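Engineer: Okay, here's the structure, questions in a sec.
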Amino acid sequence: MRIPGFIRRNWTLKVLCFFIAFVTWVGVVYAGNPPETKVVSLPIPQSSANIPPGYVLVHPVNNVSVRVGGDQNTLDSLGPNALTVNADWGAVNRAGTYSIPMTVASSDPNIELIDPPTSVQVDLDVFTSRSVPVTIQITNLPPVGYESGTEQAVPSAVAVDGPAHELANIRARVTVNLSNQKANFQAQVPVLVYGANNQRLNNVSPNPAYVTVSIGITADVTTRTMAVVARTVGSPSPGHYLLGIVVTPLTVLVTGSRDLLNTFDLLNTVAIPLGGITGTYTQTVNLVAPAGVTLSVKQVSVTIEMGTVPPPPPSPTPTPTPSPT
């Protein structure tokens with residue numbers, strides 16, 4: 001077979017031109033979409049469905065870092081489902097810390113796995129449950145004048161599930177803020193679990209997660225001595241005037257909540273009309289007090305003394321003037 005002359009003519013120059021064009025094309029392609037590597041963080045399957053029954057993770061397993069290679073466009077469009085991690089949890093046959101086999105697979109043929117990890121370290125313990133009494137912690141006391149009383153949590157104990165070694169000295173606690181509470185407290189409050197070092201444990205599960213907390217709130221009862229004031233109405237009868245009023249006793253012990261006693265500072269009697277009183281008048285009258293307070297006496301004796309306006313002196317009789325004789 002004879003090759004045509006136009007092909008054979010200057011063939012070395014033609015080959016050189018082709019090589020230069022090919023290199024230029026490759027350079028352009030790589031400049032626009034160059035090969036790269038990227039580190040991807042992948043989660044380890046670690047749900048209860050993956051871990052063998054009877055075991056639980058002491059601490060969640062951190063994501064593994066996997067380096068992958070590919071062109072820039074492929075790595076930029078790398079989706080979350082392109083790479084999967086499989087851990088051989090079937091190798092778990094005891095509690096403790098050890099490595100379990102794992103594999104990383106790619107569903108995209110354009111992605112290259114670069115030295116993927118082949119094992120992961122886990123810390124496993126026996127899964128168990130323990131009944132723990134619920135304690136109530138009051139973070140803020142009631143307002144001034146009020147105090148907390150009987151406390152109750154229903155149910156009084158919860159079941160806590162988790163690693164056996166962490167359940168050795170745990171406590172279940174609910175916290176309640178009573179800073180604005182002036183009536184009995186009742187609410188659903190979440191149960192928090194704490195370890196021996198008073199650190200909150202987030203990898204254990206109380207059941208139930210909420211309990212009903214009831215706390216009695218009562219007013220702080222106190223006693224004060226208050227003055228008694230006789231309350232009068234009207235004016236003295238014509239020709240009379242008020243000389244004085246004497247109350248017996250002058251003071252009374254008043255018992256009630258601090259907030260209520262702060263609203264007044266003396267006690268009044270019921271109204272006593274002044275009209276019609278003459279001379280010295282004594283009457284036993286009731287005291288007026290707000291609801292919710294107790295008095296050492298409910299009645300006092302009030303003595304009112306009236307004076308009489310003296311009549312005007314008689315006008316002098318004129319002396320008759322003698323007639324001239």
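Residue-by-condition table, conditions (1) open to solvent by 60 Å² or more (accessible area, probe 1.4 Å); (2) of a type outside the set (D, E, K, R); (3) closer than 10 Å to M306 by Cβ:
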site: Y241; (1), (2), (3): yes, yes, yes
site: I245; (1), (2), (3): yes, yes, no
site: P249; (1), (2), (3): no, yes, no
site: R258; (1), (2), (3): yes, no, no
site: I272; (1), (2), (3): no, yes, no
site: T280; (1), (2), (3): yes, yes, yes
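Engineer: Among the candidates L83, L141, which residue alone is open to solvent by 60 Å² or more (accessible area, probe 1.4 Å), modelled with pLDDT of 85 or more and farther than 30 Å from H165 by Cβ?
Structural biologist: Step by step, each of L83, L141 is checked, and only L141 is open to solvent by 60 Å² or more (accessible area, probe 1.4 Å), modelled with pLDDT of 85 or more and farther than 30 Å from H165 by Cβ.
Yes/no per residue for (1) more than 30 Å from N86 (Cα to Cα); (2) open to solvent by less than 90 Å² (accessible area, probe 1.4 Å); (3) in contact with a Ser or Thr (Cβ under 8 Å, 6 or more places away or on another chain); (4) at pLDDT below 65:
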position	(1), (2), (3), (4)
F18	yes, no, no, no
W25	yes, no, no, yes
Y30	yes, no, no, yes
P35	no, yes, no, no
S41	no, yes, yes, no
N50	no, yes, no, no
V58	no, yes, no, no
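Engineer: Which residue out of P236, P311 is in contact with a Leu (Cβ under 9 Å, 6 or more places away or on another chain), in a loop (DSSP other than H, G, I, E, B) and of a type outside the set (A, V, I, L, M, F, W, C)?
Structural biologist: P236
Engineer: Still on this structure, I have one more. Output the qualifying pairs, or none if there are none: Cβ atoms under 7 angstrom, residues six or more apart or on different chains, first residue in the range 89-103 and part of a helix (DSSP H, G or I) and at pLDDT 85 or above, second residue surrounded by fewer than 17 Cβ atoms within 10 Å (Cβ to Cβ) and of a type outside the set (A, V, I, L, M, F, W, C).
Structural biologist: W89/N50; W89/P52
Engineer: Now, a different point. If you go through the range 61-80, how many residues are open to solvent by less than 90 Å² (accessible area, probe 1.4 Å), assigned to a loop (DSSP other than H, G, I, E, B) and either of a type outside the set (G, A, S) or more than 25 Å from P101 (Cα to Cα) (or both)?
Structural biologist: 4
Engineer: For the subset of the range 183-205 comprising residues that are exposed (fewer than 15 other Cβ atoms within 10 Å of the Cβ) and within 30 Å of G145 (Cβ to Cβ), which member is nearest to the chain's Cα centre (by Cα)?
Structural biologist: Of everything passing the filter in the range 183-205, P190 is nearest to the chain's Cα centre (by Cα).
The values are calculated or read from the model by the stated rules, or taken from the named source; none is laboratory data. None of the values given here were measured: they were computed from a predicted structure. Because the Cβ atoms are built from the backbone with ideal geometry, glycine has one as well, and the counts that use them run over all protein chains shown. Ligands, DNA and RNA are excluded from the accessible area calculation, which covers all protein heavy atoms including side chains. Shrake-Rupley method; radii C 1.70, N 1.55, O 1.52, S 1.80 Å.
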